[in-house]
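The structure appears below as structure tokens.
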Amino acid sequence: MVRRVRGQISVLGPPITVGVVGLLLWEAFVRGFGIREFLLPRPTSIMEELVDNWPVLRHAIWETGWIAVSGLLIGIMAGVALAFVTTRFRTLEEGLTPLAVVVNATPIVALAPIFNAWFGITGTLSNQAVVIAVVFFPVFINTSRGLTEVHPDEIELMRSYAASEWTILREVRIPNALPFFANSLRLVAPLSVIAAIVAEYFGGPQDRIGNVITSNVAFVRYDVAWAAIAVASALGLTLFAVALIVERASMPWRAAMGDSEYTTTPGRE
Amino acid sequence: MSNPVLAEKAVVVDGVDKVFNVGSDSEVEALSDINLTVEAGEFVSLIGPSGCGKSTLLRLIGDLLAPTTGALTVFGKSAHEARLNQDYGMVFQHSGLFDWRRVLANIELPLELRGWSKADRSARSAEMLGLVRLEDFGGHYPRQLSGGMQQRVSIARALSFQPKLLLMDEPFGALDEMTREHMQLELLRIWRETHTTVVFVTHSVPESAFLSNRVVVLSPRPGRIHSVVDVDLGERSDDTRQDPAFFAKATEIREALRAVESGE
């Protein structure tokens with residue numbers, strides 16, 4: 001256990017060091033060259049604004065966080081559900097996958113103004129719709145690949161046990177799809193925050209992170225805008241961390257393979 | 001078991017043809033007029049150049065493919081019935097172990113599918129782990145084991161429900177020479193201890209001579225039985241590999257293969 005904690009410190013150490021040194025250099029650079037605050041504020045003044053505007057920012061985190069997380073969950077469920085349906089009915093997949101690729105190549109955030117017109121600008125639905133659309137396709141494509149790209153020997157083995165399609169799905173396809181699904185989760189978790197904020201740039205209530213950024217930039221309060229960006233970045237990182245935790249918890253065999261101690265001491269169930 | 005004579009036949013392949021993609025441009029005749037009988041308790045190898053249909057024949061016996069014409073029986077039942085009854089175990093070149101199951105859980109998979117109780121499964125998987133001498137590795141995940149160890153787990157899984165027939169498709173093909181020779185001895189020990197019938201696909205001449213009672217040499221396109229070589233080397237050990245009788249049999253098989261490849 002002690003070694004595990006030490007291991008995590010040694011993993012986190014280098015990026016934290018780089019981050020702190022980077023912030024110090026930033027501070028020194030802005031002070032040393034007399035860069036004007038509206039071009040690039042110092043980290044310390046961003047921090048000050050973060051503290052001063054905390055009630056507004058905290059509220060914005062809740063608003064945007066709700067849009068991102070609810071859109072993320074709905075998008076994931078829809079993507080996984082359609083992946084199961086197309087795995088079961090291959091002809092549907094042949095028709096849907098090219099369509100999914102075309103829609104995926106469309107810059108979804110460009111649809112934000114249209115969604116505002118469709119779903120109204122005052123509620124959360126139009127922004128959630130952007131998040132759902134952004135999240136849906138990577139999850140759908142990765143999960144359906146994981147469900148279908150199974151080694152043929154594994155299917156033959158299951159057939160030699162006279163296993164039904166349902167049993168093959170449960171015992172082989174779903175566990176096989178987990179790493180694919182986890183990859184898409186790592187991708188879409190921070191993407192959901194980006195999608196929510198870009199969608200918010202196109203108007204709507206002023207209490208969300210995207211609008212806090214645009215309105216403060218409009219009033220030349222760049223340091224507050226930077227504080228809002230820092231908050232958005234923290235939100236994205238948090239969701240990414242949650243995705244990693246879900247990944248490790250759902251695939252203990254991968255965690256075990258990454259742990260070198262495990263190979264030398266045989267464990268028992 | 002009413003007919004003891006029939007019950008002695010582990011596998012009967014009767015006038016089997018296999019054509020893939022019937023009626024299309026890519027129609028391929030993989031096997032033609034195959035007749036083969038494997039007696040219960042025998043170890044029979046199928047050998048031949050690539051494209052001779054040896055893996056196809058194995059899959060026909062396992063009812064993973066259906067014959068175009070002809071019939072196959074496994075212990076007196078149709079191959080289809082035998083598969084539904086899980087009368088055989090299967091081992092592939094790729095160990096086919098599931099990454100997400102620990103070694104014991106992999107061995108227990110066929111037992112789970114047959115509805116065995118947890119206690120019965122644990123008892124049997126522990127016994128099987130002993131049979132393949134991996135007692136200390138039950139809690140490992142497959143990827144934490146070497147290729148040879150994975151293949152032993154795969155054999156343990158195939159034997160866990162004590163099938164009377166073991167179908168093996170180049171199971172040691174991906175292993176290095178030393179591991180391969182060790183695994184061959186292990187397999188012969190397990191075969192003797194379990195009284196299983198084995199049908200073994202290989203492309204290695206020494207492997208087929210070392211393991212088998214009979215070696216079936218197939219010719220390619222379409223796959224036909226060219227000849228059957230009887231091998232009687234008694235109890236095998238590592239010394240058998242230096243035995244002149246072993247070299248003589250290997251030479252006989254190799255000459256049959258050469259004849260096949262030159263189209264005789």
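The values are calculated or read from the model by the stated rules, or taken from the named source; none is laboratory data. Worth saying up front: this structure is predicted, and the values here are computed from it rather than measured. For neighbour counting, all protein chains shown are included, and Cβ atoms are generated from backbone atoms with ideal geometry for every residue, glycine included.
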Condition set surrounded by 22 or more Cβ atoms within 10 Å (Cβ to Cβ) and of a type in the set (Ser, Thr, Tyr), scope the stretch B:120-174, selection modelled with the lowest pLDDT: answer is B:Ser160
Among the residues in the stretch B:16-23, are any in contact (Cβ under 8 Å) with a residue 24 or more places away in the chain, surrounded by fewer than 19 Cβ atoms within 10 Å (Cβ to Cβ) and either over 30 Å from B:Thr251 (Cα atoms) or β-branched (Val, Ile, Thr) (or both)? yes
Inset, instruction - Might you let me know whether the stretch A:22-29 holds any residue that is exposed (fewer than 11 other Cβ atoms within 10 Å of the Cβ) and over 30 Å from A:Ile174 (Cα atoms)? - result: no
Looking across the stretch A:132-187 at residues that are in a helix (DSSP H, G or I) and of a type in the set (Ser, Thr, Tyr), the single one that is surrounded by the fewest Cβ atoms within 10 Å (Cβ to Cβ) is A:Thr167
| task | Kindly establish whether B:Ile155 is under 18 Å from B:Ser237 (Cα atoms), within 15 Å of the chain's Cα centre (by Cα) and in a helix (DSSP H, G or I). | result | no
With criteria (1) closer than 23 Å to B:Leu211 by Cβ; (2) more than 14 Å from chain A (Cβ to nearest Cβ); (3) acidic (Asp, Glu), B:Asp25 comes up short on (1)
Q: Would you be able to say whether some residue in the stretch B:166-177 is within 13 Å of another protein chain (Cβ to nearest Cβ), farther than 22 Å from B:Ser212 by Cα and in a loop (DSSP other than H, G, I, E, B)?
A: no
Over the stretch A:148-170, the set of residues facing another protein chain (nearest Cβ under 8 Å) and farther than 18 Å from B:Val91 by Cα is A:Thr167
By residue number, the members of the stretch B:136-164 that are away from chain A (no Cβ under 11 Å) and among the aliphatic types (A, V, I, L, M) are B:Met149, B:Val153, B:Ile155, B:Ala156, B:Leu159
Of the listed residues (A:Glu93, A:Glu37), the one being more than 28 Å from the chain's Cα centre (by Cα) and more than 19 Å from A:Ser233 (Cα to Cα) is A:Glu37
Within the stretch B:185-215, residues assigned to a helix (DSSP H, G or I), surrounded by 24 or more Cβ atoms within 10 Å (Cβ to Cβ) and among the polar types (S, T, N, Q) come out as B:Ser208
Kindly check whether there is at least one residue in the stretch B:216-227 that is surrounded by 16 or more Cβ atoms within 10 Å (Cβ to Cβ), hydrophobic (A, V, I, L, M, F, W, C) and under 30 Å from B:Asp120 (Cα atoms).
no
Those residues of the stretch B:93-116 which are more than 8 Å from every other protein chain (Cβ to nearest Cβ), assigned to a loop (DSSP other than H, G, I, E, B) and crowded, with 21+ Cβ neighbours inside 10 Å amount to B:Ser95, B:Leu97
Condition set aliphatic (A, V, I, L, M) and surrounded by 19 or more Cβ atoms within 10 Å (Cβ to Cβ), scope the stretch A:112-131, selection farthest from A:Val198 (Cα to Cα): answer is A:Ala129
Just to be sure, is A:Gly34 in a helix (DSSP H, G or I) and not acidic (Asp, Glu)? no
Taking first residues from the stretch A:188-212 that are touching a residue at least 60 places away in the same chain (Cβ under 8 Å) and second residues anywhere that are assigned to a loop (DSSP other than H, G, I, E, B), the pairs with Cβ under 6 Å that are 6 or more apart or on different chains are A:Glu200/A:Arg208; A:Gly203/A:Ile121; A:Gly204/A:Ile121; A:Gly210/A:Tyr201
Subset of the stretch B:117-128, residues away from chain A (no Cβ under 11 Å) and aliphatic (A, V, I, L, M), comes to B:Ala119, B:Ala123, B:Met128
Quiz item: Any residue in the stretch A:204-220 that is under 30 Å from B:Gln144 (Cα atoms) and either modelled with pLDDT under 90 or in a helix (DSSP H, G or I) (or both)?
Solution: no
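Which of the residues spanning the stretch B:65-89 are hydrophobic (A, V, I, L, M, F, W, C), surrounded by fewer than 19 Cβ atoms within 10 Å (Cβ to Cβ) and either assigned to a strand (DSSP E or B) or within 11 Å of chain A (Cβ to nearest Cβ) (or both)? Before you say what the answer is, go through the steps one by one.
First, the residues of the stretch B:65-89 that are hydrophobic (A, V, I, L, M, F, W, C): B:65-66, B:71-72, B:74-75, B:79, B:82, B:84.
From what is left, the residues that are surrounded by fewer than 19 Cβ atoms within 10 Å (Cβ to Cβ) are B:66, B:71, B:84.
Matches in the stretch B:65-89: B:Ala71, B:Leu84.
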Of the conditions (1) under 21 Å from the mean Cα position of the chain (by Cα); (2) within 12 Å of chain B (Cβ to nearest Cβ); (3) crowded, with 21+ Cβ neighbours inside 10 Å, the single one that A:Gly210 does not satisfy is (2)
Residues of the stretch A:71-96 being crowded, with 16+ Cβ neighbours inside 10 Å, among the β-branched types (Val, Ile, Thr) and over 17 Å from A:Ala177 (Cα atoms), in sequence order, are A:Ile74
